[in-house]
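Here's the structure, in structure tokens; my notes come after.
The values are calculated or read from the model by the stated rules, or taken from the named source; none is laboratory data. All values derive from a computational prediction rather than experimental measurement. FYI the Cβ positions are ideal-geometry reconstructions off the backbone, even for glycines, and counts take in every protein chain you see.
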Amino acid sequence: MRAIVTGQIGVDKRPYLEDVCKLAGERGSSIDIYNVGNMMYGEAPDVRAGRILDLPLSRLASLRRAAFKDIISESSPVEDNPNIIVNTHATFRWRHGLFSAFDFDQMSLLKPDMMICLVDNVETVHQRLHDEHDIDATLKDCMVWREEEILATELLANAMGCHDQFYILSRGRHQDTVETCMRMITRPDVRRVYPSFPMSHVVDKPDVLAEIEEFRASIAEHFIAFDPADVDEKLLLDRALDAARNGDDWVEVEAHSYGGKKGAETQRLPVREVLDIAGDIDGQIYMRDFKLVDQSDMIISYIPELEGGVPGLSSGVERELHHAWEHTKEVYVVWKPAKAPSPFITETATKIFPSVEDALEYFAEQGMFPQRNLFGH
């Protein structure tokens with residue numbers, strides 16, 4: 001696969017994608033990576049690190065075209081370079097305002113098969129952005145930029161004729177997402193799965209959370225998994241709401257960085273600024289999760305049993321199952337409660353299982369798993 005990977009500044013794509021390429025090598029595959037930003041700096045030795053976006057747009061465009069010209073030349077012919085990642089951006093929102101970061105003519109010559117927009121938690125993006133650049137951007141700015149980046153990448157995929165290979169991928173907190181990205185590029189024949197499960201209303205139930213974590217790990221082991229929990233901004237909003245009720249002006253959250261970089265263990269954010277993006281968080285969760293379902297071959301939902309035998313079936317899970325069924329996806333449900341599922345579950349599910357083990361056994365019998373040695377484990 002020849003993949004264009006986009007993402008707003010602050011997602012810190014380069015070390016993540018380099019780990020994707022490293023993992024592919026360990027698994028017997030090969031992916032060449034081209035970091036457009038680094039190549040642009042190579043074309044402009046007079047520009048100080050972190051300042052290239054302050055250049056006039058005309059020079060930025062010239063540097064970008066020079067970088068892409070080299071990528072097109074080095075990665076041709078396509079037959080000799082089947083797996084490449086071009087690490088770039090679809091848009092920039094900077095002091096010049098909002099502007100695009102690609103040229104259609106060069107993208108056509110590159111012949112991409114796949115477009116991936118990499119996303120991350122907004123507070124993490126905000127932290128990295130301010131650590132690495134001299135810019136005053138709010139959480140709201142970062143949310144808007146992410147929406148713009150996703151939309152521009154999707155439009156580019158449509159223009160390049162690979163609209164069915166456009167993906168949103170959350171880099172998340174886990175090494176699993178590196179594996180997911182590697183499989184997408186080197187093993188696109190592996191089934192793509194959206195794991196569905198209750199989230200916000202089981203957050204204070206450690207036993208149920210442990211069950212769900214085991215389910216998520218099982219799905220990630222065998223499939224290309226687009227896990228909605230890899231972006232968990234709803235937790236940030238809940239903490240900010242709690243802080244506001246207590247009269248606090250600041251909310252502390254765990255500081256995350258990829259690749260073991262050293263830094264502060266916690267991050268302080270103004271409660272007012274988090275509350276300002278409450279609508280954006282909910283709206284983007286709604287949009288993104290449905291898109292993750294759309295880009296999957298099937299949905300596998302885990303419904304735990306809560307206290308009193310109550311099914312842990314959230315409204316979000318119900319909507320995801322219904323959306324998947326209406327869009328002709330395969331719908332599988334792991335139903336743990338002793339209470340039988342309603343017709344709204346049974347009539348829209350391809351198959352219902354009493355346990356994760358039973359589900360995995362069925363998937364194996366149906367030949368849905370790739371050969372184990374192809375994933376290196």
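Computed values, structure above
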| read-out | value |
| --- | --- |
| Extreme residue, surrounded by the fewest Cβ atoms within 10 Å (Cβ to Cβ), among residues of the range 298-312 that are over 23 Å from the mean Cα position of the chain (by Cα) and outside any loop (DSSP other than H, G, I, E, B) | Gly308 |
| Residues of the range 129-159 that turn out to be among the hydroxyl-bearing types (Ser, Thr, Tyr) and surrounded by 22 or more Cβ atoms within 10 Å (Cβ to Cβ), as a count | 1 |
| Filtered residue count, the range 203-259, keeping only those that are at positive phi and modelled with pLDDT of 95 or more | 1 |
| Members of the range 25-38 found to be closer than 19 Å to Pro112 by Cα and in a helix (DSSP H, G or I), listed by number | Val36, Gly37 |
| Lone qualifier among Met184, Met115, Met199 - being under 25 Å from Ala359 (Cα atoms), surrounded by 21 or more Cβ atoms within 10 Å (Cβ to Cβ) and in contact (Cβ under 8 Å) with a residue 12 or more places away in the chain | Met184 |
| Among residues of the range 202-231, those that are surrounded by fewer than 17 Cβ atoms within 10 Å (Cβ to Cβ) and within 26 Å of Gln284 (Cβ to Cβ), counted | 6 |
| Some residue of the range 358-376 being part of a strand (DSSP E or B) and touching a residue at least 12 places away in the same chain (Cβ under 8 Å) | no |
| Every residue from the range 6-15 that is in contact with a helix residue (DSSP H, G or I) (Cβ under 6 Å, 6 or more places away or on another chain) and part of a helix (DSSP H, G or I) | Pro15 |
| Within the range 207-253, tally of residues that are polar (S, T, N, Q) and farther than 20 Å from Val274 by Cα | 1 |
| Test: residue in the range 322-329 that is in contact with a helix residue (DSSP H, G or I) (Cβ under 6 Å, 6 or more places away or on another chain) and of a type in the set (D, E, K, R) | no |
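One line per residue, one yes/no per condition, for (1) within 27 Å of Arg183 (Cβ to Cβ); (2) surrounded by fewer than 20 Cβ atoms within 10 Å (Cβ to Cβ); (3) modelled with pLDDT of 95 or more:
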position: Lys291; (1), (2), (3): yes, yes, yes
position: Ser314; (1), (2), (3): no, yes, no
position: Leu321; (1), (2), (3): yes, no, yes
position: Ala324; (1), (2), (3): yes, no, yes
